[in-house]
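Trainee: Have a look at the structure that comes next, please.
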Amino acid sequence: MSNIMYKKIHGFTLIEILVVISIISVLAGVLYANFSGARAEARDKVRKNTVMEMQIALQLYKATYGVYPERGCGVTTGWVGPGTHSEPWGNNTSCEEYIVGLAPDFIAELPRDPNQEYDDNTGYIYQVDATRTAYKFLSHRAVEQDFVEDYDHPLSRCPEATGSLWCGSSAPQQDTYAVYSFGAEDW
């Protein structure tokens, strides 16, 4: 009897320790899976907010100057953004000041995508027409979880299927958030 008392007072058995470690491992795996989804959802919320903030900043710029801002880095055609965007346009440019004159007067700084390394044609991109009267700003191919399911989504790249290159199918580009002005619907 004294041997059993001694065992309970001085510690746990190897089996008890292994069971506790197993339970903790399973719980950690479940929590990690849940938190990784939450992180992706949070990044999508950041993208939505950023795209809407950029829309406000671009409209404020136009209200002040009568036109939308130029693309940065001397780009006159194609899309421009802070990352590597070569496909599918081929004439894209990557630079830090991808929208001239917008920051810091209309927005604190030009955004960068919260998750991308900019080597896979994802992230924020901007385009304006030659007269600077129409623009489109995208969080291109970066959406991770909160996808654009239909053309009625407020951040759909296009308002409807129009038959153009980007708005041609019955379903919108699900992994892209967009804001744009009148005249840039089909870009």
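No lab work stands behind these numbers, since they all come straight from the coordinates. What you see is a predicted model; the values in this text were computed from it and never measured. All Cβ positions, even for glycine, are placed from backbone atoms using ideal geometry, and neighbour counts span all protein chains on display.
Trainee: How much length would be gained if the chain were fully extended between Glu149 and Thr76, taking 0.36 nm per residue of separation minus their Cα-Cα distance, in nm to one decimal?
Mentor: 23.0 nm
Trainee: With the Cα gyration tensor of region 105-187 giving a ≥ b ≥ c as the square roots of its eigenvalues, does the rule (a/c under 1.5 for rounded; else a/b larger than b/c for prolate; else oblate) give rounded, prolate or oblate?
Mentor: oblate
Trainee: Can I ask one more? So what's the angle, to the nearest 10 degrees on a 0 to 90 scale, between helix 14-65 and the longest Cα principal axis of the chain?
Mentor: Once rounded, one gets 20 degrees.
Trainee: If I stretch the segment between Cys95 and Arg112 completely, what's the gain in nm (0.36 nm per residue apart, minus their alpha carbon distance), one decimal?
Mentor: Working it through step by step, the gained length comes to 5.0 nm.
Trainee: Determine the shape class of the chain: with a ≥ b ≥ c the square roots of the Cα gyration tensor eigenvalues, call it rounded for a/c under 1.5, and otherwise prolate if a/b is greater than b/c, oblate otherwise.
Mentor: Judged from the Cα gyration tensor, the chain comes out prolate (a/c at least 1.5, a/b above b/c).
Trainee: Among 22-29, 137-144, 151-158, 35-42, what's the highest-first ranking by average C-beta atoms within 10 angstrom per residue?
Mentor: In descending order of packing, they fall as 137-144, 151-158, 35-42, 22-29.
Trainee: Another one. Just need the relative contact order of region 40-180 here, percent rounded to a whole number, with Cα pairs under 8 Å and 6+ apart.
Mentor: For region 40-180, the relative contact order is 24 percent.
Trainee: What does the net charge come to around Glu109 if you take all other residues with beta carbon closer than 13 Å to its beta carbon, with K and R at +1 and D and E at -1?
Mentor: -3
Trainee: Under 19 Å Cα to Cα from Lys62, which aspartates and glutamates show up? Leave out anything in the same chain fewer than 8 places away.
Mentor: Result set, ordered by chain and number: Glu53, Glu70, Glu97, Asp105, Glu109, Asp129, Glu185.
Trainee: A further question on this structure: Please compute the net charge surrounding Pro159, taking Lys and Arg as +1 and Asp and Glu as -1 over other residues with Cβ under 14 Å from its Cβ.
Mentor: Around Pro159, the charge tally is -3.
Trainee: Ok, one more. Using a Förster radius of 25 Å, what is the FRET efficiency between Ser164 and Arg39 based on their Cβ-Cβ separation? Nearest 0.05, please.
Mentor: The value I calculate is 0.15.
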